[in-house]
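**Student:** This structure is in structure tokens; I'll ask about it shortly.
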Amino acid sequence: MNQKKEKDERPPFMGLSQYDVRGLFENINTPAYVIDEAMLHKNGRILKGIQERTGCKILLAQKAFSNYDVYGMLGKYLAGTEASGLYEARLGAEEMPEGEVHVFCGAYREDEFVELLKYADHIVFNSPAQLKKFGQRAKEAGKSVGIRINPEHSTGGEHEIYDPCAKGSRLGTTKEQWEKYITPELIGLLDGIHFHTLCEQDSDALEETLTAVEEKFGTYLKQMKWVNFGGGHHITRPGYGIERLEQCISKIQKRYQVEVYLEPGEAVALNAGYLVTEILDVVENGETTNLIIDASAACHMPDVIEMPYLPPLYGTKEEGEGKEYRIGGPTCLAGDIVGDYCLGESLVPGDRLIFGDMAIYTMCKNNTFNGMPLPSICLLKENGDIEELVCFQYEEFKRRLGTKRKI
Ligand SMILES: *Cc1c(COP(=O)(O)O)cnc(C)c1O
């Protein structure tokens, strides 16, 4: 990036503060995601500390981050993986084999369930009907069986699409449904209770949620071996209330004699990745200076549009201290806009831009809309070396759109 010597010390770029950033990414082809190994270690140490002090177990929710090349090192800090279904369960079992494999899925398929039993240690069901359909088989296969509850208590997370407690939500069994359909026989199958209601939230939201969980499901908690607090705990964000989290964990462990699990995704790889892009063109239309880059919000950082949010960009200036740009992708989608940024100098094609906090919900969520190439994935090692983990070619795009066979 064509910028002055000063460092960007914001949390998304903490990992870069020891480097001459311009030189660091010089040799990689853009667009590329770069995973920051040192930041993963940093997050890992925080998560490990919580487990050591409380005796809880923390899992990686793979839907946020499933770059299995680093599972070996993450396995030193975590108790295992959490999966959203068969594929992630298999990935966790294959790539973090020493860890536990937990799975929650909104609904399991009959034809996948037998294979799932090979990989999963804990299987969590979303509804009484799913528990009834599969619970006995899971139990007979020696699995720990759980049900996801819905405490029907929203904690004011900012984004409604991430609120499983929204009215009418399909996610989790409400108290009313539990009392209607969870027979003593079904309770007999249960080892644990799972809830997941938070998104990028602090431990005060967890505390509030636990009050609702205890109020509605406390009598059942006493009969369980474990409680899984789900994800959405923004534990590794600077300023997160770790002490309160640990109090919450200890309280539930003591009161109900249960093992406590947490399964954050974001927190494991928060601020541990970048998306390195290049400016292709500068388009001045009306008041707006558009920078067209070789990455796309819609394809490569889909949460920017889905959530939506403004991703951090290295070297951003305070408003009024530089020039305003609107950054967008090369696709035909008018709304393929990353956002508006104030940057220091007049930028030109060939300059590089580095987006921060790009490890989570990016590589496992991207797509090839418009025939956009997928960014390669690199690893910035602790010693400053950069390794390419994978790169993608035309074939990757084509194969997913048709490989004819007779059925
Ligand atoms: C999404 C999800 C997680 C991880 O959430 P983060 O916000 O990434 O921490 C954990 N458990 C379940 C069931 C989830 O759906």
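The values are calculated or read from the model by the stated rules, or taken from the named source; none is laboratory data. Note that the structure is predicted; figures quoted are calculated from it, not measured. Cβ atoms come from the backbone with ideal geometry, glycine included; neighbour counts cover every protein chain shown. Note: accessible area is taken over every heavy atom of the protein model, side chains too, but ligands, DNA and RNA are not part of it. Shrake-Rupley method; radii C 1.70, N 1.55, O 1.52, S 1.80 Å.
**Student:** Using the Cα gyration tensor of segment 38-269, with a ≥ b ≥ c the square roots of its eigenvalues, what is the shape: rounded (a/c below 1.5), prolate (a/b larger than b/c) or oblate (neither)?
**Tutor:** Because a/c hits 1.5 or more and a/b fails to exceed b/c, segment 38-269 counts as oblate.
**Student:** Which value, in debye to the nearest 20, describes the size of the charge dipole of segment 38-269 about its Cα centre when Lys and Arg Cβ atoms bear +1, Asp and Glu Cβ atoms bear -1, and nothing else is charged?
**Tutor:** Working: 28 positive and 34 negative charges, 104 e Å.
Approximately 500 debye in magnitude.
**Student:** Count charges around Cys364 for me, please; just the other residues with Cβ under 10 Å from its Cβ, Lys/Arg as +1, Asp/Glu as -1.
**Tutor:** Details: positive: Lys63, Lys365; negative: Glu88.
Cβ neighbours under 10 Å give a net charge of +1.
**Student:** Can you pull the percent of segment 38-269's accessible area that's carbon plus sulfur, 1.4 Å probe, other chains left in place?
**Tutor:** Details: 4730 of 9900 Å².
Here it works out to 48 percent.
**Student:** Taking the Cα centre of segment 1-98 as origin, work out the dipole magnitude from +1 charges on Lys and Arg Cβ and -1 charges on Asp and Glu Cβ, in debye rounded to 20. Don't skip to the end; give the middle numbers.
**Tutor:** Numbers: 13 positive and 14 negative charges, 76 e Å.
Dipole of segment 1-98, to the nearest 20 debye: 360 debye.
**Student:** When a/c reaches 1.5 or more, the comparison of a/b and b/c decides; with that in mind, is segment 199-305 rounded, prolate or oblate per its Cα gyration tensor? Numbers along the way, then the final one.
**Tutor:** On the way: a/c = 3.48, a/b = 3.34, b/c = 1.04.
Prolate shape, in that a/c is at least 1.5 and a/b is the bigger ratio.
**Student:** If you don't mind, another one. Under a GNM of the chain (C-alpha, springs under 10 Å), which listed residue has the highest mean-square fluctuation: Leu60, Leu333, Leu210?
**Tutor:** Answer for the Gaussian network model of the chain: Leu333.
**Student:** While we're looking at this one, here's another question. For segment 164-226 and segment 39-64, what is the separation of their C-alpha centers, rounded to whole Å?
**Tutor:** What the calculation gives is 23 Å, centre to centre.
**Student:** Using the Cα centre of the chain as origin and beta-carbon charges of +1 (Lys, Arg) and -1 (Asp, Glu), tell me which of Val268, Gly44, Leu186 is placed farthest towards the positive end of the dipole.
**Tutor:** Ranked along the dipole, the leading option is Leu186.
**Student:** Next question, about the same structure. Show the residues, 5+ positions off or on another chain, whose built amide H is closer than 5 Å to the amide H of Gly339.
**Tutor:** Ile327
**Student:** Next question. Once phi is turned into ³J(HN,Hα) by the Karplus curve 6.51 cos²θ - 1.76 cosθ + 1.60 with θ = phi - 60°, what whole-Hz value does each residue of segment 24-30 show in order, with x for glycine and proline?
**Tutor:** 4, 9, 3, 8, 9, 7, 9
**Student:** Can you tell me which lysines have their Cα less than 27 Å from the Cα of Lys7? Leave out same-chain residues fewer than eight positions away.
**Tutor:** Lys42, Lys317, Lys323, Lys381
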